[in-house]
1. Give me the distance between the Cα centres of segment 11-63 and segment 162-192, rounded to whole Å.
2. Could you please state, rounded to a whole Å, how far the C-alpha centre of segment 119-161 is from the C-alpha centre of segment 201-227?
3. Which one, Gln76, Gln23, Gln157, has the greatest fluctuation when you compute a Gaussian network model over the chain with C-alpha springs under 10 angstrom?
4. Let me make sure I get this right: for segment 1-159, a, b and c are the square roots of the gyration tensor eigenvalues over alpha carbons, sorted descending. Under 1.5 in a/c it's rounded, otherwise prolate if a/b > b/c, else oblate. Which is it?
5. Cross-link candidates for Lys223: which lysines have Cα within less than 16 Å, leaving aside residues fewer than 8 places away along the same chain?
6. Farthest toward the dipole's positive end in segment 7-218, which of Gly51, Leu24, Asn171, given Cβ charges of +1 (Lys, Arg) and -1 (Asp, Glu) about the Cα centre?
7. Given Cβ point charges of +1 (Lys, Arg) and -1 (Asp, Glu) and nothing else, what value in debye, to the nearest 20, does the dipole of segment 7-218 about its Cα centre take?
8. Cut-off under 25 Å on the C-alpha distance; same-chain residues fewer than 8 positions from Lys177 excluded. Which lysines are left, in chain and number order?
Amino acid sequence: MINQGPVITIDGPSGAGKGTVSQLIAEKLGWHILDSGALYRLLALAVAHHGMSADDVDTLKVLAEHLDIQFQQTEQGAIDIVLEGEVVTQAIRTEEVGNCASKLAAIPAVREGLLLRQRAFSQSPGLVADGRDMGTVVFPSAQIKIFLTASAQERAQRRAQQLQQKGETVNLEALIKVIEERDERDANRAIAPLVPAAGALVIDSTELTIEQVVEIIFAEAVKAGLV
Ligand SMILES: Nc1ncnc2c1ncn2[C@@H]1O[C@H](COP(=O)(O)OP(=O)(O)O)[C@@H](O)[C@H]1O
Ligand SMILES: Nc1ccn([C@@H]2O[C@H](COP(=O)(O)OP(=O)(O)O)[C@@H](O)[C@H]2O)c(=O)n1
């Protein structure tokens, strides 16, 4: 792998705060960001759009390798995610797409198909990579590896609030169950299971604010001489 700059990996379960914290750290450092979960979600949406079967692993791998995706900066500074010419920034965030993504993510050919695309995000001046296997598989030589977690109850509550803000109705008990199922699938799959990378700093954010988590990671970057 040609490493184009330093990498901070932030792995952990759903709702731990990875996306939020990654964005804030990337802004603070002026680095690029990789939302690897979005790639799995985009693949899930593409599979649904094309009416494909999740059993056809060879075709899935080809689709993963060649998926037509663009991350376009809007005039407001936000990022539009475009799949095959269609803006799907909101469409990929539903729980249904997330669950489908999590099932596809357990297929080795899918992970292989997305591997090089993820590594291509590593560009100067640096990358903050958010996912499940950023520190273990995709960027094993990252300068800083974080494993961000929180209790399932807290993560479900955060997710519920997030969905309510988007106008979706939420059943908290059902959400806890879905989160636990997804944790189980992510942690126990045969390939790239969700485990802290060797040498990762484990941060339990259950009792921490977003700002506190950002400060801890920023302090690690300072300590490592990246700032
Ligand atoms: N430490 C924290 N304390 C409280 N809320 C948080 C914290 N970290 C994240 N959140 C909130 O929890 C929700 C889920 O965070 P998100 O970054 O999407 O998690 P992930 O990417 O790990 O799935 C967001 O609404 C976010 O604002
Ligand atoms: N590096 C990654 C990122 C996501 N994923 C999978 O893709 C799904 C969607 O990722 P996400 O981070 O957008 O979703 P949430 O779990 O935050 O809802 C996860 O549930 C994982 O199963 C993965 O296996 N490896």
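1. 15
2. Rounded to whole Å, the Cα centres lie 12 Å apart.
3. The residue that fluctuates most here is Gln76.
4. Values: a/c = 1.36, a/b = 1.26, b/c = 1.08.
Here segment 1-159 falls in the rounded category.
5. Lys28, Lys145
6. Going by the charge dipole, the pick is Leu24.
7. Using Cβ point charges on Lys, Arg, Asp and Glu, segment 7-218 gives about 300 debye.
8. Lys18, Lys103, Lys166
Each reported figure results from applying straightforward, stated rules to the coordinates on display, with no laboratory input. Just so we're clear, the structure is a prediction, and the values are computed from it rather than from any experiment. Note that each Cβ is placed from the backbone with ideal geometry, even for glycine, and that neighbours are counted across all protein chains shown.
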